[in-house]
Amino acid sequence: MEERHLAGPGTAEHVDRDRRGLIGIAAAAMAAAQLGSIADAHARSTSTKAAAADPARPGPGASFAAIHQIEAGVLNVGYAEAGPVDGPAVLLLHGWPYDIHSYGDVAPILAAAGYRIVIPYLRGHGSTRFLSEATMRNGQQSVVAADGIALMDALGIKTAIVAGYDWGARTADIMAALWPERCKALVSVSGYLIGSQAAGAEPLPPKAELQWWYQYYFATERGRAGYDKYRHDFARLIWQIASPDWHFDDATFARSAAALDNPDHVAIVIHNYRWRLGLAKGDPAFDALERRLATFPAITVPTITLEGDANGAPHPAPTSYAERFSGKYVHRTIKGGIGHNLPQEAPQAFAKAVIDADRL
């Protein structure tokens with residue numbers, strides 16, 4: 001695992017190489033000790049401390065024992081939970097086209113360490129539903145982040161460590177940028193993913209544009225119809241491209257693909273990608289938030305960013321976003337053929353990042 005420590009913009013590059021080497025050795029030793037502690041805690045996950053809200057431990061081919069529902073904002077949100085209800089809260093946010101089971105092996109590690117884990121289905125996924133048929137099926141970036149804050153409010157969570165990948169990482173980034181008082185720390189796969197429609201209008205080099213082929217497919221009505229008709233086949237293809245070295249089995253895929261059968265799923269996904277390109281309008285009620293996000297605000301909360309060494313999905317280079325994090329900051333590259341769905345492919349590394357971010 002490759003790791004870089006930054007205390008803020010412009011500081012890391014001036015640290016003496018020998019001193020960095022000594023720090024790296026010490027950090028590696030500490031990481032090994034912490035991983036050992038996490039593994040021990042994982043083995044004790046049936047302890048009474050975690051029993052209050054801890055579902056059966058998910059693993060390959062398994063599911064969370066219970067999905068809870070709660071009204072939050074414009075949604076009735078489906079979510080899994082684990083760990084003691086009075087523990088420090090951790091909000092784990094999944095990506096597309098995935099679901100809450102990306103955290104099936106992360107949740108018991110964190111629960112055993114004493115954290116309260118909440119893993120919601122994002123709008124358009126799983127058992128999350130709109131309260132009103134009249135509500136716009138909106139997938140723009142600020143709206144999904146507002147869902148996260150609304151869920152925290154509904155659950156009585158004042159502050160939480162927010163963590164995610166893909167759509168979940170963007171959502172966690174936005175929550176930390178716009179509501180830092182609600183976010184104790186941040187873990188973000190692929191770093192700073194906040195965007196804007198103006199940025200989305202800028203052309204990329206052809207090789208980079210090729211990686212976004214599905215975004216252009218979704219811009220057409222043929223693409224919308226095709227995704228609706230073949231959403232499971234489409235998702236499997238994305239999984240394979242985004243994580244070329246992850247050899248998931250049919251049961252693992254089927255468990256998550258079921259979340260894509262949500263009646264609002266296609267509308268949310270299509271709107272998300274069309275909005276990015278400026279081909280669909282957002283909700284005017286969120287214009288002020290989008291204007292703030294278009295300035296690419298710095299994230300001030302303690303942050304650990306992660307990247308898999310075999311991520312086949314479009315993602316920025318870590319050096320391109322380091323200065324967006326103005327607080328305590330660490331970047332880690334997780335090696336061993338780890339792709340886009342990092343928490344499911346490397347659950348111990350992801351869980352360790354959450355615990356370490358809490359201690360930055």
Legend entry - Residue that is surrounded by the most Cβ atoms within 10 Å (Cβ to Cβ) [pool: residues in the stretch 122-176 that are outside any loop (DSSP other than H, G, I, E, B) and in contact with a Cys (Cβ under 9 Å, 6 or more places away or on another chain)]: VAL162
Legend entry - Search result, residues across the stretch 224-242 that are more than 18 Å from GLY95 (Cβ to Cβ) and open to solvent by less than 20 Å² (accessible area, probe 1.4 Å): GLY226
Inset, instruction - Determine if the stretch 180-190 includes at least one residue that is of a type outside the set (Asp, Glu), open to solvent by less than 60 Å² (accessible area, probe 1.4 Å) and either in a helix (DSSP H, G or I) or modelled with pLDDT under 95 (or both). - result: yes
Legend entry - Residues within the stretch 200-211 that are open to solvent by less than 70 Å² (accessible area, probe 1.4 Å) and in contact with a helix residue (DSSP H, G or I) (Cβ under 9 Å, 6 or more places away or on another chain), tallied: 2
Legend entry - Failed item, numbered, when TRP246 is tested on (1) assigned to a loop (DSSP other than H, G, I, E, B); (2) within 28 Å of ALA298 (Cα to Cα); (3) of a type in the set (Phe, Trp, Tyr): (2)
Inset, instruction - Run GLY78 past the list (1) within 15 Å of ARG255 (Cβ to Cβ); (2) open to solvent by 40 Å² or more (accessible area, probe 1.4 Å); (3) modelled with pLDDT of 50 or more; (4) not aliphatic (A, V, I, L, M) and report the number of the one that doesn't hold. - result: (2)
Legend entry - Among the residues listed as ALA257, ALA251, ALA208, ALA199, the single one being over 24 Å from LEU342 (Cα atoms) and assigned to a helix (DSSP H, G or I): ALA199
Inset, instruction - Go through (1) loosely packed, with under 15 Cβ neighbours inside 10 Å; (2) touching a residue at least 24 places away in the same chain (Cβ under 8 Å) and name the single condition ALA285 misses. - result: (2)
Legend entry - Residue in the stretch 63-99 that is farthest from ILE174 (Cα to Cα), counting only those that are among the hydroxyl-bearing types (Ser, Thr, Tyr) and part of a loop (DSSP other than H, G, I, E, B): SER63
Legend entry - Scan of the stretch 200-211 for residues that are touching a residue at least 12 places away in the same chain (Cβ under 8 Å) and either over 16 Å from ALA280 (Cβ atoms) or aliphatic (A, V, I, L, M) (or both), ordered by number: ALA201, ALA208, GLN211
Legend entry - Members of the stretch 61-72 that are open to solvent by 60 Å² or more (accessible area, probe 1.4 Å) and in contact with a helix residue (DSSP H, G or I) (Cβ under 9 Å, 6 or more places away or on another chain): SER63, ILE67, GLU71
Inset, instruction - Could you list all residues from the stretch 287-304 that are of a type outside the set (Gly, Ala, Ser) and out of contact with any Pro (no Cβ under 9 Å at 6 or more places or on another chain)? - result: ASP287, LEU289, GLU290, ARG291, ARG292, LEU293, THR295, PHE296, PRO297, PRO302, THR303, ILE304
Inset, instruction - Could you list all residues from the stretch 343-360 that are acidic (Asp, Glu) and closer than 13 Å to ALA163 by Cβ? - result: ASP356, ASP358
Inset, instruction - Could you check how many residues of the stretch 288-326 are among the acidic types (Asp, Glu), open to solvent by 30 Å² or more (accessible area, probe 1.4 Å) and part of a helix (DSSP H, G or I)? - result: 1
Inset, instruction - Would you check which residues across the stretch 150-184 are aromatic (Phe, Trp, Tyr) and either touching a residue at least 60 places away in the same chain (Cβ under 8 Å) or closer than 21 Å to ARG332 by Cβ (or both) and list them? - result: TYR165, TRP167
Inset, instruction - Could you tell me whether the stretch 255-267 includes any residue that is within 17 Å of TYR98 (Cβ to Cβ) and of a type in the set (Lys, Arg)? - result: yes
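The values are calculated or read from the model by the stated rules, or taken from the named source; none is laboratory data. Please read these numbers as outputs of a predicted model, since none were measured by experiment. Glycine gets a Cβ as well: all are built from the backbone with ideal geometry, and neighbour counts include every protein chain shown. Side chains are part of the model used for accessible areas, which takes the heavy atoms of the whole protein and leaves out ligands, DNA and RNA. Shrake-Rupley method; radii C 1.70, N 1.55, O 1.52, S 1.80 Å.
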